[in-house]
Each structure stands twice: as structure tokens, then as C-alpha cells.
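Worksheet for the structure shown next.
The values are calculated or read from the model by the stated rules, or taken from the named source; none is laboratory data. No experiment lies behind these values; they were computed from the predicted model shown. Cβ placement follows ideal geometry from the backbone for every residue including glycine, while neighbour counts extend to all protein chains displayed. Side chains included, ligands, DNA and RNA excluded: accessible areas come from the protein's heavy atoms. Shrake-Rupley method; radii C 1.70, N 1.55, O 1.52, S 1.80 Å.
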Amino acid sequence: MSDDHEADGDGHPHREEFDEDPVGHAHVGSGMTVGDLLETYGEAGIGAAAVHEAGDVLAEMFGNDDCTVFLSLAGAMVPAGMRRIVSDLIADGYVDVLVTTGANLTHDTIEAIGGKHHHGRTHDPEKSLREHDEGLREEGVDRIYNVYLPQEHFAEFEGHLREEVFPALDGEGSVSIAELCAELGRANAEVNEREDVAEDAGVAAAAYEADVPVYCPAVQDSVLGLQAWMYAQTADFTLDALADMTGLTDVAFDADDAGCLLVGGGVPKNFTLQTMLVTPRAYDYAVQVTMDPEATGGLSGATLEEARSWGKLETDARNASVYGDATVMLPLLVAAARERVEQEDSGGPDRR
């Protein structure tokens, strides 16, 4: 036997990579909390191990009072029913910066002013897929996978913008997208309270009230952006796409530690990660939830290890990726992380 394969005392070959760490078996029982469930995931392998690691990293990030937390939110998270999870994170002090899409802000506002999304179906078994969606179009219903939204809610949203949001910016000339988002949050909170809307005021309102900046780098790719453009045709108001870079970079520069929770990919993910390219630092923590594969070379599936090669993560950063539906994974991770932080923090859920 060569020197490279010398046997150990038990007669086994020398194993450089292997270290004895037997896989255990996850278990569930009555009365377990979500935190208990993620803890038992740590005994298992494959996806369960990744979810356990992500929950652990997120809890450490949330529990670090010196950590500035960036939340990147892409995909149809608000229409799918994740709105309250995000607004609670903001209101309870777990998020310092939100980067999201104009679509999420549009749907958030629709619910803030009294509209609702509804359970639907992806197809009608008695119709072709095309016939199903043609029928929805004729009936004035928009489909987001298995969620329906009556089109009249968009007319109400447009009226809200023109009556409650845009007039506050008219006459200001060039304004940042973050300023637009702040005005949206203010208006959403005011109308929600004034009209006694059953649903809470939501994500933009929570950010406004908590003084958490909201960045929407591709706002024009949404009904919100379309309406802003239309209003700007006859008003002294336009959006400066570069103005947000200063505020966002300042937050990154001032952070003692920095962490990011990346839900989905797209522009919000890259906008959040690239912020560190113009600072002398990088993220100390990162958790990613995605369904996209890395092999396509696309940003949405790019691994956090790849981001480290760009200098977006510190070389010793704690990071974890979970591959799965964010509407399943985000509540699970947030619940487990908040459980641990709030059990350890005698001051209660408001960590800041």
C-alpha cells in the first residue's frame, strides 16, 4: 500500500476528507415548535441539512445587534400571501433595508387600500390551458399561478397613486425611487387607517413607519412604474434611477456587520449584493432562498460562493442556500430564527 493510502489503526485506508459524523434521523412529535423542527433537520442530510444551516445563519444574523440586515424580495411574494411575514420583520426591527420589485409594492398597496387577492387554479380540467386563461381575461381576472386578482383593483390602485401619492411629489422635479417608496408607504398607512381597512397597512407602510428605506431598482418594470411615468408626462416630477445609490451605499459604509436575506433572484438580489462592491467591506452573513439552478449561469441561481469570488461576501462569511419554494421556505426559516432570537432576548421581539 502506498504512503498516500496507509491504513489507520483499524486497517481502514487513510481518509483525508472523511471525518466520522454519522447521519442521524430527524424526528417529529406533538408540541414541537418550528425551531425544534429545524434543529432536528440538523441530524439529517441533503435538503434538510441545508435548511438547518440556513436557519442557524439567519438566527445569528438577526440576533447580532451590530448587524445591518438587507432583505431582497423578488417574485410574487405579496400576492402569494407572504406580505405579513415581511411587514412584521420590518416592524419588529429585524430588517434595516428592503430591496424589492415594483410588482410586490403594487400588490402590497392594493391590499393596503382594501383590495384582496383570491385563491384560484392553474387550469380548468374541462378546458385547454389557453381557453382557461382566455376566459379569465374576458371576465377581467388576472392570474398569478394559482392566485386571482380582479382587474378593478388596478384601477383603484391607479386612483390611489394619483390622489394620495403623486401629488406629494409634484413640483419636486427629480426625486429618488426611495422617496417615491416612502410616499407610497405614508399614503398606504394613512388610507388604511382612514378607511378602516380590515387587512393591515402592509410592507411599504411598515417600512415608512420604521424609517426603513425601500429601494426598487427596476420600478419601471411594474404597474407602479408605468403610472409614475404617465403622471410625469404632465407634472414636475421624474424619477432619478441613480439617486438611490448614495443612500444605499451610505448604509453599507456605516454598517459594523452586514447581512442579507435573499428571497428569489433578479434585480433585487443583484442590487443588494453589488452594494458591497463600492465599500471597503462585504457581507458577513448571507442566506439565499431560490429555485433556480446555478448551471445556467444566471444571477438568480448563482451561488453565494460565486458571490464571494466577486468580493460581495467576506471570505469568512457565514452563508447558506436553500433550494425550494420561497412561500414554503421563508416562513419556516423566519419562524425558527425569530424563535431562537426572541427566546434569548429578554427584551422581547423588538431587537432594536
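Looking at 107, 52 in this structure, which one is touching a Lys or Arg at 6+ places or on another chain (Cβ under 9 Å) and modelled with pLDDT of 95 or more?
107
Restricting to region 84-109, what's the tally of residues that are part of a helix (DSSP H, G or I), charged (D, E, K, R) and over 19 Å from residue 191 (Cβ atoms)?
1
State yes or no: is residue 215 open to solvent by 40 Å² or more (accessible area, probe 1.4 Å) and under 25 Å from residue 186 (Cβ atoms)? So that I can check it myself, show each step before the final result.
On the way: open to solvent by 40 Å² or more (accessible area, probe 1.4 Å): no; under 25 Å from residue 186 (Cβ atoms): yes.
No; evaluated as a whole, the condition is false for this residue.
Within region 160-185, track down each residue that is more than 14 Å from residue 105 (Cα to Cα) and open to solvent by 20 Å² or more (accessible area, probe 1.4 Å).
162, 163, 164, 167, 168, 170, 171, 172, 174
With a cut-off of at least 2 residues that are within 20 Å of residue 107 (Cβ to Cβ) and of a type outside the set (A, V, I, L, M, F, W, C), name the helices (runs of 4 or more DSSP H) lying wholly within region 208-276.
By residue number, 223-232, 266-274.
Given the residues 250, 200, which is the only one that is open to solvent by less than 90 Å² (accessible area, probe 1.4 Å), out of contact with any Phe, Trp or Tyr (no Cβ under 7 Å at 6 or more places or on another chain) and without any contact (Cβ under 8 Å) to a residue 24 or more places away in the chain?
250
In region 110-137, what residues are assigned to a helix (DSSP H, G or I) and open to solvent by less than 10 Å² (accessible area, probe 1.4 Å)?
Scanning region 110-137 gives 110, 112.
Within the set of pairs 6+ apart or on separate chains, which have a first residue in region 275-304 that is over 14 Å from residue 317 (Cβ atoms) and at pLDDT 90 or above, a second that is basic (Lys, Arg) and in a helix (DSSP H, G or I), and C-beta atoms under 7 Å apart?
If the second residue must be basic (Lys, Arg) and in a helix (DSSP H, G or I), the pairs left are 300/269.
Report, ordered by the first and then the second residue, all pairs with beta carbons closer than 9 Å, sequence separation of six or more or different chains, a first member in region 161-172 that is more than 14 Å from residue 225 (Cβ to Cβ) and free of Cβ contacts under 8 Å to residues at least 12 places away in the same chain, and a second member that is surrounded by fewer than 14 Cβ atoms within 10 Å (Cβ to Cβ) and not charged (D, E, K, R).
From residues that are more than 14 Å from residue 225 (Cβ to Cβ) and free of Cβ contacts under 8 Å to residues at least 12 places away in the same chain, there are no pairs.
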